[in-house]
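Following: one structure in structure tokens, then a few remarks.
The values are calculated or read from the model by the stated rules, or taken from the named source; none is laboratory data. Worth saying up front: this structure is predicted, and the values here are computed from it rather than measured. Please note: Cβ atoms are built from the backbone with ideal geometry, for glycine as well, and neighbour counts cover all protein chains shown.
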Amino acid sequence: MKRVAVQLLADSLGLSRVTVWKALNNREGVSPATAQRVRKAAEKMMQEDGAEEAAVSPVSSGNVTLLVSRADTASFWMQMVDQVASEMHHKKLRLHYIPIDAMHLSISDLETMLRPDHTDGLIIINIYDETLIRFFQRLDIPKIYFDTTPGHRAEDLRGDLVLLAGQSPVHELTKELIETGCRQLGFIGDLCYAYTNILRWEGYCAAMRESNLPVEERFCLTGPIGAESYQECIASFLDGLSEMPDAFVCVSDFVAFVTLSLLADRGYRVPEDVRLTGYDDSQDFMLDNHKISTVHVQNGLLGKRMVHQLLYRIDNPTADFEEIFIYPKVLNKN
């Protein structure tokens, strides 16, 4: 029994995949005219395929689904998505892409779309919503995560987990600041958000302990920061300081960029007055001119690596779950 490939149908009609899916499954949010157009095109496609009996499914069997949150917020994520798509194409496998936040799908929608008998595997990138993570945990589908929320491990996620190592590179970044004369060092990063943020915090704390320097709470912003609130939260934090530390170790290049901009607004020069470090080596933020050391992540290769791991998991569904640490290199801009 052949099945309609939803993405192919969407491309042929110039519609989004979610619109086609809703039309085929009688969901709200699609005009009657569009729904009729989709159904007619689906029937024609099945007739052309010569199917004696056909069924419409939101995800064709033999496919991998990529679920990503906020991929359009930075080239870092888009490059990873592009590499996943490229590797899947190279291996002649069909990839269904779901930008999870943009599509506004309910858990009920996802339950229908990600049925185990229609989906061979899941790649889950940049998703830190606990409700979604609990849903993914329940799915009896091979899956691989790129990062997750604090407290989760591969075993309870019931899938493989790829993580960027944080302790070693951030330890190195922090030690370099100390070796250049910095004695008061702060840290900026939401420790409630991502497992990898915790790892980077641990690297910072270890370097401070080894150098017999105190981790001063007043110089550290580690509480929850909303996805749209970084500017406001970091501005409030900086305004609450009676003096600036010698440096801030930032959890990412994005955080370093926001901090840099806010320091400049307040008359501080980087690196002359305050030193900063980042993580990701993102080209979105043009930090080189301020000698902001960072950690170079080969995010394109990460996408390829995740595809290979998922295919291994699909071929070996009873294999023990794995946590895979990637160790990127520090880029010293001093």
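Given the criterion surrounded by fewer than 23 Cβ atoms within 10 Å (Cβ to Cβ), among the hydroxyl-bearing types (Ser, Thr, Tyr) and touching a Ser or Thr at 6+ places or on another chain (Cβ under 9 Å), identify the matching residue among Tyr268, Tyr312, Tyr327, Tyr279.
None of the others qualify; the one that does is Tyr327.
Of all residues in the range 242-262, which are under 20 Å from Gly166 (Cβ atoms) and outside any loop (DSSP other than H, G, I, E, B)?
Answer for the range 242-262, where residues must be under 20 Å from Gly166 (Cβ atoms) and outside any loop (DSSP other than H, G, I, E, B): Ala247, Phe248, Val249, Cys250, Asp253, Phe254, Val255, Ala256, Phe257, Val258, Thr259.
Within the range 277-286, does at least one residue satisfy the condition of being assigned by TED's automatic domain parsing to the domain that holds Thr180, part of a helix (DSSP H, G or I) and in contact with a Leu (Cβ under 7 Å, 6 or more places away or on another chain)?
Within the range 277-286 (the criterion being assigned by TED's automatic domain parsing to the domain that holds Thr180, part of a helix (DSSP H, G or I) and in contact with a Leu (Cβ under 7 Å, 6 or more places away or on another chain)), the answer is no, since none of the residues qualifies.
For the range 62-89, enumerate the residues that are assigned to a helix (DSSP H, G or I) and among the polar types (S, T, N, Q).
Passing the criteria: Thr73, Ser75, Gln79, Gln83, Ser86.
Limited to the range 193-241, what total is found for residues that are part of a loop (DSSP other than H, G, I, E, B) and either charged (D, E, K, R) or within 22 Å of Phe146 (Cβ to Cβ) (or both)?
Count: 8.
How many residues does the range 282-309 contain that are surrounded by fewer than 22 Cβ atoms within 10 Å (Cβ to Cβ), touching a Pro at 6+ places or on another chain (Cβ under 8 Å) and more than 18 Å from Gln167 (Cβ to Cβ)?
Looking only at that region, the number is 3.
Quick one: which of Arg153, Arg158 is in contact (Cβ under 8 Å) with a residue 12 or more places away in the chain and on the phi > 0 side of the Ramachandran plot?
Only one candidate qualifies: Arg158.
Could you tell me which residue of the range 35-60 is modelled with the highest pLDDT, considering only residues that are of a type in the set (S, T, N, Q) and surrounded by fewer than 16 Cβ atoms within 10 Å (Cβ to Cβ)?
Ranking the qualifying residues of the range 35-60, first place goes to Gln36.
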